[in-house]
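First comes the structure, then the notes that go with it.
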Amino acid sequence: ANVINMNAAKSAANSIVINASGAAGGIDIDAGSSGVSIDTADGGAVSIDAVGAPSNFSLASTADADDLTISVTGANDASLVLSSTGTNTGDAIQITASAGGIAITAQDNKTEDITGNSTNTIGGNAVDTVTGNKTFTVNGATGFTLDCEKIINLDSNDATAGAVKIAASHATGGIDVDAGTGGIN
């Protein structure tokens, strides 16, 4: 009916052991509205590991702002690492927002290294705003293809004679311009 307090003063990694030693044993922790708190002193790590079964860490929200936060704090060279050694080529790591959007904010560089194929499918509009330079380097056998159902508009605000450049820089390269009945203006 009152508080249960387990305290072991021994300085060891296994000062308190709770063991369900049966082959199919388990441990069930239920809490009321005050929740569950796990805290360590400086240098104390937390490890939650499972083997051979689907696992989850989830929050069933019941009100707005019921956010689940996983974070690394402190101004140190520390990272939040999400990794998977799964072999599923479609979704070894899956990020899904089934009803809302996704916001990514980075104060420094962003790097994507993809050794396989990359496919982006966007159902609405897409806008890229770059305050510095942007370069596409394509080394594939078939080069770079831009396929658009409507107008393609190349517009440069640079006040130089070469504001828009189209170059076939190979010694035997050429430029092919084809137009329908609308002609070329």
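Among rounded, prolate and oblate, which fits region 62-164 when a ≥ b ≥ c are the square roots of the eigenvalues of its C-alpha gyration tensor, a/c under 1.5 means rounded, and a/b larger than b/c means prolate? Prolate, since a/c reaches 1.5 and a/b exceeds b/c. Taking a ≥ b ≥ c as the square roots of the eigenvalues of the Cα gyration tensor, an a/c ratio below 1.5 marks region 113-185 as rounded. With each label modelled as a point 7 angstrom along the Cα→C-beta vector, the LYS150-ASN2 pair spans 7.4 nm. For ALA126 and ILE48, FRET efficiency with R0 = 45 Å and r from the beta-carbon atoms, rounded to 0.05? With a Förster radius of 45 Å, E is 0.75.
About its Cα centre, the chain has a charge dipole of approximately 260 debye under the convention of +1 per Lys or Arg Cβ and -1 per Asp or Glu Cβ, with nothing else charged. Reported value for the chain: 310 Å³ per residue, from the convex hull of its C-alpha atoms. Within the listed set VAL81, VAL51, VAL36, the Gaussian network model of the chain (springs between alpha-carbon atoms below 10 Å) gives the highest mean-square fluctuation for VAL36.
In terms of its C-alpha gyration tensor, region 15-78 has an oblate overall shape, because the principal axis ratio a/c (a ≥ b ≥ c, square roots of the eigenvalues) is not below 1.5 and a/b does not outweigh b/c. Accessible surface calculations at 1.4 Å, restricted to protein heavy atoms, place the chain at 103 Å² per residue. Among THR40, THR160, THR87, the largest mean-square fluctuation in a Gaussian network model of the chain (Cα springs under 10 Å) belongs to THR160.
Say R0 is 30 Å: what FRET efficiency, to the nearest 0.05, do ASP28 and ASP77 get from their beta-carbon distance?
E between ASP28 and ASP77, to the nearest 0.05, is 0.20.
Comparing mean-square fluctuations of ALA126, ALA167, ALA141 from a GNM of the chain with C-alpha springs under 10 Å, the top value falls on ALA167. Across the chain, C-alpha contacts under 8 Å between residues 6 or more apart give a mean separation that, scaled by the residue count, equals a relative contact order of 4 percent.
A simple packing score, the average count of other Cβ atoms within 10 Å per residue, orders the peptides 66-74, 113-121 as 66-74, 113-121, with the highest score first.
Using 0.36 nm per residue and subtracting the Cα-Cα separation, the extra length available between THR181 and ILE16 on full extension is 51.1 nm.
The HN-Hα couplings worked out from phi for region 178-183 by the Karplus form 6.51 cos²θ - 1.76 cosθ + 1.60 (θ = phi - 60°) are 10, 9, x, 5, x, x Hz, whole numbers, x standing for Gly and Pro.
The values are calculated or read from the model by the stated rules, or taken from the named source; none is laboratory data. Predicted, not measured: the structure shown is a model, and the values here were computed from it. Reconstructed Cβ throughout: ideal geometry from the backbone, glycine too, with neighbour counts over all protein chains shown. Accessible surface areas use protein heavy atoms only, side chains included; no ligands, DNA or RNA. Shrake-Rupley method; radii C 1.70, N 1.55, O 1.52, S 1.80 Å.
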